[in-house]
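Take a look at the structure below.
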Amino acid sequence: MKNCKVRLDFDEIKEIGQEGCNSKVFLAHDNQLDGEIVVKEIKKNPSTSPDEYFKEARLLYAHNHNNIVKVNYACEDDDNIYVAMPFYKNGSLKKRISNGSYLTVREVIRYSIQFLSGLNHIHSKGLVHFDIKPDNILISDSNEAMLSDFGLALYTDTYGFCTAQACYTPHITPEQLKGLNQTIKNDIYQAGLTIYRMVNGNELFYRQIPNTGNPMLDDVAFKRMISNGLFPNRKCYLPHIPKKLKKIIKKCIEPNPNDRYDNTLQIINELASINENLDIRYGRDTSGEFWEAPKNSYVYKVSLSQNADNFNIKVCKTKDGKTTNCVSLCSNNIDNTQVIPKLEAIFATL
């Protein structure tokens, strides 16, 4: 077998992510391919073997799937390891659900089924990802959800167990907090948290995390909330989210792993059966909150505004530039206990 040493040449354009204290991610121009790529740069440590550095690249290469980010190549110089991957202009799922942006239920289902398909593939090979979160789900140029970042992934033993070496704190599982062995149900819990963030937006999720404690897991109360199934709030959802979708998320994030789904295919099948409120789009503006939904050539808009301690709900429909108020669906000066039931009743008609 002939061993060849070659030169790879790329120019760093800008840093686009900080992966950890010993690595960074940047956008680069590949001078051989004359195109943009993403490069993960990992600083070498004398105590770490080369095999460990190339672990993530080898896992990505070995587990080829339509919903797993592909690796272009991996290489090294005297100081660093470089893993090159495709650049997706759409960025991550986190970008899609941050800064006041929200997904429709149809988009939530579609992206979830896609990244869960990638997750099911690695589970079938005996691998646990251990870092499922919106940051690590990229949206390809063809608008497909792609699972990425296998830096924490581990193979299970004969009995399906392994132990995570690290974790992303807000997505830590109850079994990790208790120091128990983990299984693929660790990923199912994290997938459930990811879908929870997809349906509600990132802001609601982060607002539930205590500001005290540095790191936040120093907060004993927060750890207790996770262990007891109180974080995140299982009852806190936007009013247009279907009950079936909320039920799926709840089962994914049960504190006891035995109460969760057994595999990702079960989640995929249940997600595919949802057919309520698929195209209602939620948003916020200076007046309050609103929902827009297409129906019978009209675009319906439901607006919720607050007036002192009371709320107003206005419903109108627009077609060919002409807007008509739906008076029978409107409500004025209702208290907060009436808001959700009235909104749910409206969405049931759309």
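Points to keep in mind about this one:
- Considered as a group, the residues in region 166-195 that are hydroxyl-bearing (Ser, Thr, Tyr) and modelled with pLDDT of 95 or more include one that is nearest to GLN266 (Cα to Cα), and that residue is TYR189.
- The residues listed here are ASP157, ASP149; of these, the one that is of a type in the set (Asp, Glu) and in contact with an Asp or Glu (Cβ under 7 Å, 6 or more places away or on another chain) is ASP149.
- Number of residues in region 73-97 that are part of a loop (DSSP other than H, G, I, E, B) and crowded, with 17+ Cβ neighbours inside 10 Å equals 3.
- When residues of region 180-201 are limited to those that are in contact (Cβ under 8 Å) with a residue 40 or more places away in the chain and outside any helix (DSSP H, G or I), the one surrounded by the most Cβ atoms within 10 Å (Cβ to Cβ): GLN182
- TYR282 among the hydroxyl-bearing types (Ser, Thr, Tyr), surrounded by 14 or more Cβ atoms within 10 Å (Cβ to Cβ) and closer than 22 Å to LEU204 by Cα: yes
- The residue of region 119-175 that is nearest to the chain's Cα centre (by Cα), among those that are outside any helix (DSSP H, G or I) and among the acidic types (Asp, Glu), is ASP131.
- Breaking point among (1) at pLDDT below 90; (2) closer than 30 Å to PHE161 by Cα; (3) surrounded by fewer than 17 Cβ atoms within 10 Å (Cβ to Cβ), for PHE54: (3)
- Residues in region 122-133 include at least one that is at pLDDT 95 or above, under 30 Å from GLU292 (Cα atoms) and surrounded by fewer than 23 Cβ atoms within 10 Å (Cβ to Cβ).
- Members of region 327-350 that are touching a helix residue (DSSP H, G or I) at 6+ places or on another chain (Cβ under 9 Å) and modelled with pLDDT of 95 or more: LEU329, SER331, ILE334, LYS342, ALA345, ILE346
- Those residues of region 293-332 which are crowded, with 17+ Cβ neighbours inside 10 Å, in contact (Cβ under 8 Å) with a residue 24 or more places away in the chain and not hydrophobic (A, V, I, L, M, F, W, C), in sequence order: TYR300
- Any hit, region 74-88, residues being touching a residue at least 24 places away in the same chain (Cβ under 8 Å), over 16 Å from ILE139 (Cα atoms) and touching a helix residue (DSSP H, G or I) at 6+ places or on another chain (Cβ under 6 Å): yes
- Which numbered condition ASN45 misses (of (1) surrounded by 15 or more Cβ atoms within 10 Å (Cβ to Cβ); (2) farther than 26 Å from THR194 by Cβ): (1)
- From the options SER47, SER142, SER112, residue that is closer than 19 Å to ASN202 by Cβ and among the small types (Gly, Ala, Ser): SER112
- Residues that are loosely packed, with under 15 Cβ neighbours inside 10 Å and modelled with pLDDT of 95 or more do not occur anywhere in region 215-224.
- Taking the listed residues SER23, SER112, SER92, the one that is within 24 Å of the chain's Cα centre (by Cα), more than 30 Å from LYS247 (Cα to Cα) and not hydrophobic (A, V, I, L, M, F, W, C) is SER23, with no other qualifying.
Here's the yes/no breakdown for (1) out of contact with any helix residue (DSSP H, G or I) (no Cβ under 6 Å at 6 or more places or on another chain); (2) closer than 15 Å to SER112 by Cβ:
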| residue | (1), (2) |
| --- | --- |
| ARG197 | no, yes |
| VAL220 | yes, no |
| SER227 | no, no |
| ASP259 | yes, no |
| GLY288 | yes, no |
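- For region 157-174, the criterion of being of a type in the set (Asp, Glu), farther than 23 Å from LYS40 by Cβ and either buried (at least 22 other Cβ atoms within 10 Å of the Cβ) or in contact with a helix residue (DSSP H, G or I) (Cβ under 8 Å, 6 or more places away or on another chain) (or both) is met by none of the residues.
The values are calculated or read from the model by the stated rules, or taken from the named source; none is laboratory data. Model, not experiment: these values are computed from the prediction. Methodologically, a virtual Cβ is constructed for each residue, glycine included, from the backbone with ideal geometry; neighbour enumeration extends over all protein chains shown.
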